[in-house]
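So the structure is just underneath, and the comments pick up after that.
The values are calculated or read from the model by the stated rules, or taken from the named source; none is laboratory data. Values in this document were obtained by computation on a predicted structure and should not be read as measured data. In this analysis, Cβ positions are derived from the backbone assuming ideal geometry, glycine residues included, and neighbour counts consider all displayed protein chains. Heads up: the accessible areas ignore ligands, DNA and RNA and are worked out on the full protein's heavy atoms, side chains in. Shrake-Rupley method; radii C 1.70, N 1.55, O 1.52, S 1.80 Å.
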Amino acid sequence: MEGDDAAASRPLSKWRSDFSRAFRYYLDRSTPHTTGRWLGTAAVAVIYVLRVYFVHGFYIVSYGLGIYLLNLLIGFLSPLVDPELEVSDAPALPTKGSDEFKPFVRRLPEFKFWYSITKAFCVAFVMTLFSMFDVPVFWPILLCYWIVLFFLTMKRQIVHMIKYKYVPFNIGKKRYGAKKSPGSSSIMSKD
């Protein structure tokens, strides 16, 4: 009887391994396509929101999803090494004008941020398929509490950014490198 269980588990194990390998392959191929990945996640989020809207329920699931997304956002906006907490040999943020420039390294990289958000929306969507997760609550209270939590957390994060003079985005930063004019060419023309 033990031999039958082992024989039955081999195809399942092989299928799981093949599926995992194929999933990882397509996930790796999606890495350079940032805009496409985020558009796909936005589509998944819209499907989830429509599901919750038309079912008129699962507000506790949505609240938990909101708290988790807020936690991910804080990790995405935070530096890898927090200057308040620890001193490390890893790249740290410059705190004075005379400090050496060190690039901003996120605690949660963009790809992991995207992947975690997408997984969260998918798990939340699957949870809306089971009525045991539809706990009756007064949703305006949850929404108000989440908004207050969001603004207090973002205020603390922005104060931290101002105090340690870092901007976790590339918007408005100088780009060093020569821009090629539209008429210039790297191939020399024959005269």
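What single numbered condition from (1) open to solvent by less than 70 Å² (accessible area, probe 1.4 Å); (2) assigned to a helix (DSSP H, G or I) fails to hold for Leu50?
Among (1) open to solvent by less than 70 Å² (accessible area, probe 1.4 Å); (2) assigned to a helix (DSSP H, G or I), Leu50 violates only (1).
Select, from Asp18, Asp4, the only residue that is at pLDDT 90 or above, among the acidic types (Asp, Glu) and assigned to a helix (DSSP H, G or I).
Residue meeting the stated conditions: Asp18.
Applying the selection to region 66-92, what residues are modelled with pLDDT under 95, of a type in the set (Gly, Ala, Ser) and within 22 Å of Lys155 (Cβ to Cβ)?
Matches in region 66-92: Gly75, Ser78.
Being open to solvent by less than 40 Å² (accessible area, probe 1.4 Å), at pLDDT 75 or above and basic (Lys, Arg) narrows it down to one residue among Arg29, Arg37; which is it?
Arg37
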